[in-house]
Amino acid sequence: FTKDSTHILYITCEDELGNSVEDEEIFLVDSTPPETTKWYEDPFYENNGAKWITSNTLIHLDATDEKVGVNATYWRNIVLENEEDWHYCYEDCYNWTPNYEGDWNEYTEPFTKAEESCHIIEYYSVDKLGNVEDIKWQCVFVDNTPPIAIKEIGEPHISTCGDNETPAECEDWVSQNTEFTLSCEDLGDHPVGAEQICYRISLNDDGSEYLTQDYCEEFGGEMGGNTSEDWCCVDIGESYMFHFLEDSN
């Protein structure tokens, strides 16, 4: 049969004496392979075609076949360890060429990727008639490295801190005109980029009275953001600046 469809086959067989028999059978022809889609649970981020996940992100493969059904789904992971190959992940592997050679895993449940790098995930499915889907693939960065927050204190500023002392062991004096600059630096070979910087300000040593909302209203930001409600969070660009509004500790 040359076409995917429902075919009715009529058979008549007759001998030289005119004895005959007839048969009628129905055949459903399916040469179409399954269709597999891949999707990520959170945490997941996408920007300009490049994709990022962490080692906690579950990766799902869903396969469907409208006729005989899916027999199995297979996947494998290729880690691009050389820096000159990382462009594949920024381009979402547009120029990648897959093949069926090598070891494949049968997909039975969502999986994760442990290693920080640029990963190429290849996958395909086979239906119960043996129709094989063309290999699909997608590139993704795994980024498990958190950003660091950077605080810069302007002038006037007097510090009693020695080289080996922590801020809790010494004192910093500033005025209400001293500008503080907060910024973020995302680390690692494949940083996804910092999204927010969050801060809170309290009076007194025990932190019993927070003034964060006053500062959030004065200098811009959103109370809560991606953290608890007593923090002010700002969608970070290059930096965020504020100064103290009252004389206090």
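The table below lists the values:
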read-out	value
Total formal charge among the other residues, if their Cβ is under 9 angstrom from that of Pro191, Lys/Arg +1 and Asp/Glu -1	-4
Asp23, Asp235, Asp92, ranked by accessible area, largest first (probe 1.4 Å)	Asp235, Asp23, Asp92
Rounded accessible area of Val132 (nearest 10 Å², 1.4 Å probe)	70 Å²
Where GluC sites (Glu not before Pro) fall in DSSP loop in region 91-172, at most 15 other Cβ within 10 Å	Glu91, Glu101, Glu115, Glu165, Glu171
Per-pair calculated FRET efficiency, R0 = 35 Å: Glu109 and Thr181 via Cβ, rounded to 0.05	0.15
Fraction of accessible area attributable to carbon and sulfur, the chain (%, probe 1.4 Å)	46 percent
Accessible area, probe 1.4 Å, largest first, for residues Trp104, Trp137	Trp137, Trp104
Cysteines in the chain lacking a second Cys C-beta under 4.7 Å	Cys13, Cys184
Which of Tyr90, Tyr10 is most accessible, then next, and so on - probe 1.4 Å	Tyr10, Tyr90
For the chain, calculated [θ]222 nm from helices alone, where every DSSP H run of n ≥ 4 adds -39500 (n - 2.57)	-1000 deg cm²/dmol
Of Ser55, Phe27, Leu17, farthest towards positive along the dipole that unit charges on Lys, Arg, Asp, Glu beta carbons give the chain	Leu17
Percent of alpha-carbon pairs separated by more than 17 Å within region 31-125	56 percent
Region 69-194 shape via C-alpha gyration tensor axes, a/c threshold 1.5	prolate
Debye log10 I(q)/I(0) at q = 0.11, 0.20 Å⁻¹ for region 124-228, Cα point scatterers	-0.58, -1.26
The chain, relative contact order [Cα under 8 Å, separation at least 6], %	14 percent
Descending Cα extents along the principal axes, the chain, whole Å	119, 37, 27
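The values are calculated or read from the model by the stated rules, or taken from the named source; none is laboratory data. Model, not experiment: these values are computed from the prediction. Cβ: placed from backbone, ideal geometry, glycine included. Neighbour counts: every protein chain shown. Keep in mind that these areas ignore ligands, DNA and RNA; they rest on the heavy atoms of the full protein, side chains included. Shrake-Rupley method; radii C 1.70, N 1.55, O 1.52, S 1.80 Å.
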